[in-house]
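Colleague: Take this structure, written in structure tokens, and hold onto it; I'll ask about it next.
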Amino acid sequence: MQIHINANKPAAETKIVVAMSGGVDSSTVAVMLHKAGYQVIGVTLQLYDFGITVGKKGACCAGQDIYDAKMVAEKFGFPHYVLDYESVFKNEVMEDFADSYLRGETPIPCVKCNQSVKFRDLFKVAKDLGAHALATGHYVQRLDGENRAEMHMAIDKTKDQSYFLFATTQEQLNFLHFPLGGMSKEKTRELAREFGIDIHNKPDSQDICFVPDGNYASIVQKLRPGAIDEGEIVHIDGRVLGRHDGIINFTIGQRRGIGVGGLTEPIYVIKLDPENKRVYVGPESALESTTFKIRDVNWLIEKPQGAKDITVKIRSTHQPFPAKVLANGSTAEITLFTPQKSVTPGQACVLYDGERILGGGWIIR
């Protein structure tokens, strides 16, 4: 398999740091580059107290995964380092996760983790080690454009992770490489078997790594004791329908588990009001939106002057749909050509031109 790292040096003189999470994807990248003759250095970040996830399948960056990454490096004979980033991860990802819920948002900590710890801090580590590139196991393509590196969707659309990488800066993208972006997950596992990587059948990581049982509320309560308050469940027509035990137990578009009965039509969570501790509910039709704003916009192109036709994703699992973006400083206004349901504050809105990622930002409540 041909691999090209744009470092203007022969492979044997090119040092590449590979972010190794302990999964099959990043392990395959590390071995692939090692076998291609590059000077590979594996780096694994310990991000949280793995004691809370001992025995849980589908986590990442914890005890078993650190061990798996180490074993791969030892088997194939390249250096591997484990760096303790627990405090940084707690301050910048876990604390933000809790605060976002308390603001009435639905956060995506995986984006925050990529944006801060994995790319910003690992980028610095790689530079300090004298590396010419940083490689990861993400399914996204980095292509050389006329004037800059470009980010494009992965060939395997079922595995594409571009939604989670919109906050990558241009400086980072110039230094990053994603060797799996041009292949399918099946091909990755096939290569892992051919290479003799012992974890070739290891399940993919799922859910949020620091929420081992899926109970988000318990994590927020632990990080922000006493911050979960009861309040009213209010219909958008003004009727008080009942009470709730904390807005963090609700998300925009939710239908089940609202805790209100006796109504003649289905109701959905329409809006969260953290200041007044209210959960607003209503009919499904009330979920539709055509315009909204995003903040902290990261551009991987020159910021457009005036309105620009694009496509957007407001969920990682959505297909991009047509919209218009109007940039305004660090924010932007999105106008959808067709109304969409459950535009959720705290989620990401990622901007595309065909398969190229233009940037993105966070949906504002």
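The values are calculated or read from the model by the stated rules, or taken from the named source; none is laboratory data. None of the values given here were measured: they were computed from a predicted structure. Reconstructed Cβ throughout: ideal geometry from the backbone, glycine too, with neighbour counts over all protein chains shown. When the accessible area is computed, the model is the full protein with side chains, heavy atoms only, and any ligands, DNA or RNA have been set aside. Shrake-Rupley method; radii C 1.70, N 1.55, O 1.52, S 1.80 Å.
Colleague: Report, by residue number, each residue of region 225-257 that is at pLDDT 85 or above, assigned to a loop (DSSP other than H, G, I, E, B) and farther than 26 Å from residue 315 by Cβ. Outline the logic, then answer.
Modeller: Within region 225-257, the first condition is being at pLDDT 85 or above, and the residues that meet it are 229-257.
If we keep only those that are assigned to a loop (DSSP other than H, G, I, E, B) too, we end up with 229-230, 236-239, 245-246, 250-257.
Once the filter is applied, which keeps residues that are at pLDDT 85 or above, assigned to a loop (DSSP other than H, G, I, E, B) and farther than 26 Å from residue 315 by Cβ, region 225-257 yields 229, 230, 237, 238, 239, 245.
Colleague: Under 6 Å between Cβ atoms, which residue pairs at least 6 apart in sequence (or on different chains) link something in region 231-242 that is within 14 Å of residue 258 (Cβ to Cβ) with a partner that is aromatic (Phe, Trp, Tyr) and part of a loop (DSSP other than H, G, I, E, B)?
Modeller: From region 231-242, no pairs qualify.
Colleague: Among the candidates 125, 93, which residue alone is closer than 24 Å to residue 22 by Cβ, crowded, with 20+ Cβ neighbours inside 10 Å, in contact (Cβ under 8 Å) with a residue 12 or more places away in the chain and β-branched (Val, Ile, Thr)?
Modeller: Working: 125 fails: crowded, with 20+ Cβ neighbours inside 10 Å.
Exactly one residue qualifies, and that residue is 93.
Colleague: Right, something else. Condition first: open to solvent by 30 Å² or more (accessible area, probe 1.4 Å), assigned to a loop (DSSP other than H, G, I, E, B), closer than 18 Å to residue 243 by Cα and touching a residue at least 12 places away in the same chain (Cβ under 8 Å). Now tell me which residues in region 270-299 satisfy that.
Modeller: 276, 277, listed by residue number.
Colleague: For residue 192, state whether it is assigned to a helix (DSSP H, G or I), open to solvent by less than 50 Å² (accessible area, probe 1.4 Å) and over 30 Å from residue 341 (Cβ atoms). Break it down stepwise before answering.
Modeller: Values: assigned to a helix (DSSP H, G or I): yes; open to solvent by less than 50 Å² (accessible area, probe 1.4 Å): yes; over 30 Å from residue 341 (Cβ atoms): yes.
Answer is yes for this residue.
Colleague: While we're on this one: From the residues in region 193-218 that are acidic (Asp, Glu) and at pLDDT below 80, which one is nearest to residue 245 (Cα to Cα)? It would help to see each step written out before you state the result.
Modeller: Step one: list which residues in region 193-218 are acidic (Asp, Glu), which gives 194, 198, 204, 207, 213.
Keeping just the survivors that are at pLDDT below 80 gives 207, 213.
Details: 207: 24, 213: 20 Å.
In this case the residue turns out to be 213.
Colleague: Let me ask something else. Which of the numbered conditions does residue 255 fail, given that it passes all the others? Conditions: (1) among the charged types (D, E, K, R); (2) touching a residue at least 40 places away in the same chain (Cβ under 8 Å); (3) in contact with a strand residue (DSSP E or B) (Cβ under 9 Å, 6 or more places away or on another chain).
Modeller: (2)
Colleague: Ok, one more. Residues in region 151-160: is at least one among the small types (Gly, Ala, Ser) and either surrounded by fewer than 19 Cβ atoms within 10 Å (Cβ to Cβ) or within 18 Å of the chain's Cα centre (by Cα) (or both)?
Modeller: Step one: of region 151-160, the residues among the small types (Gly, Ala, Ser) are 154.
If we keep only those that are either surrounded by fewer than 19 Cβ atoms within 10 Å (Cβ to Cβ) or within 18 Å of the chain's Cα centre (by Cα) (or both) as well, we get 154.
For region 151-160, residues among the small types (Gly, Ala, Ser) and either surrounded by fewer than 19 Cβ atoms within 10 Å (Cβ to Cβ) or within 18 Å of the chain's Cα centre (by Cα) (or both): present.
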